[in-house]
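In what follows, a structure is listed as structure tokens, so that the remarks can point back to it.
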Amino acid sequence: MSKQILITGSTDGIGKATATHLAKEGHHIIVHGRNSNKATDTAEEIKIKTGNNNIDTLSLDFSSLAEVQDASKSLLEKFDHIDVLINNAAVITPEYTESKDGMELTFQVNYLAPFLLTLNLLPLLKIKPGSQIINIASIAHAENIDFDNILNLKYFDPYSAYEISKLGNILFTYKLARDLKNEKIAVNCLHPGVISTKLLHVLWSGGAPVENAVGVIKNTMLQAEKNNITGKFFTGNSPSRSSAVSYDEIIQQKMWDYSMELLKYLLR
């Protein structure tokens, strides 16, 4: 059965490969990119490659929370439901960089903006039973968290900033899965593998083909659908263990409250 699937960060790398694969299967894909021209070009390329013309675009820069709000409203007006939301967009910055909202960019793009987008789109995800939220996390996530330095105001290390953002994705996954357990919405996260993408090559070299990540994402979707799996961290073909701190429900709630405090000017 054809699904309506929004994939953030799908003009390149893992997101684009996933969008193309799922379009070949006949799904309705919403291609997201921060650059509207690139999103349009990607959508046209996917249509030509797959023969699937049911491809929409979403232009949205995650470095602006106001844009997340505006894009959310547009999606709520344009679509009557979303079956699958794949939060894939991510960055690594070699030097400290601020978002348009004055926050450390890695934290906002990788964690806070997807957090806000997901909460905003819950009305569309609740329309049909069996909807899914998949957060692309990483085995490279932090094993502890200092809430006084979460925005890296004392010091900045690009890898640590990335680890914190990915821990955020996992904490969010586990708490949201519990919150939505009666809504028939599966919420899972995954490690896509060490994949050869622009993001990886900011700090490292090498990496596996993007097709490997597509396989993990597809497997997570299928297992969640067939086996009613939610609140899990997938690596490869099966759920795996994330860091001990990620299972701490007090930390999960603290991260949630911290995020809501950062967003209070938008959510009031």
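Numbers below:
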read-out	value
For the range 42-57, Karplus couplings with θ = phi - 60° (6.51, -1.76, 1.60), whole Hz, Gly/Pro x	5, 4, 5, 5, 5, 4, 5, 5, 10, x, 9, 8, 8, 10, 10, 10
Per residue, the convex hull volume that the Cα atoms of the range 69-114 enclose (Å³)	71
Beta bridges per DSSP with both ends in the chain, % antiparallel, nearest 5	15
Listed candidates (1) 51, 44, 36; (2) 60, 39, 37; (3) 51, 39, 38 - label of the one calculated as Cα extents along the principal axes in Å	(3)
Protection proxy ranking of 120-130, 50-60, 100-110, 160-170 - average other beta-carbon atoms within 10 Å, highest first	160-170, 100-110, 50-60, 120-130
Neighbourhood charge, 12 Å Cβ-Cβ cut-off, centred on Asn228 and excluding it, Lys, Arg +1 and Asp, Glu -1	+3
Label-point gap, in nm, between Asn219 and Asn149 - each point 7 angstrom along Cα→Cβ	3.6
Mean separation of Cα contacts under 8 Å, 6 or more apart, over the residue count of the chain: relative contact order %	17
Estimated distance in nm for a label pair at Asn227 and Lys100, the labels positioned 7 Å out from Cα along Cα-to-Cβ	4.2
Residue pairs, from the table Lys226/Lys254; Lys73/Lys254; Lys24/Lys232; Lys184/Lys254; Lys100/Lys184; Lys78/Lys232, whose Cα atoms sit over 29 Å apart	Lys226/Lys254; Lys100/Lys184; Lys78/Lys232
Nitroxide proxy distance, nm - points 7 Å out along Cα→Cβ at Leu76 and Asp56	1.5
FRET efficiency for Asp12 and Thr40, using Cβ-Cβ distance with R0 set to 25 Å, rounded to 0.05	0.95
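Rule-based calculations on the coordinates, nothing more; no lab input. Values in this document were obtained by computation on a predicted structure and should not be read as measured data. Quick reminder, even Gly has a Cβ in these numbers, built from the backbone with ideal geometry, and neighbours come from all protein chains shown.
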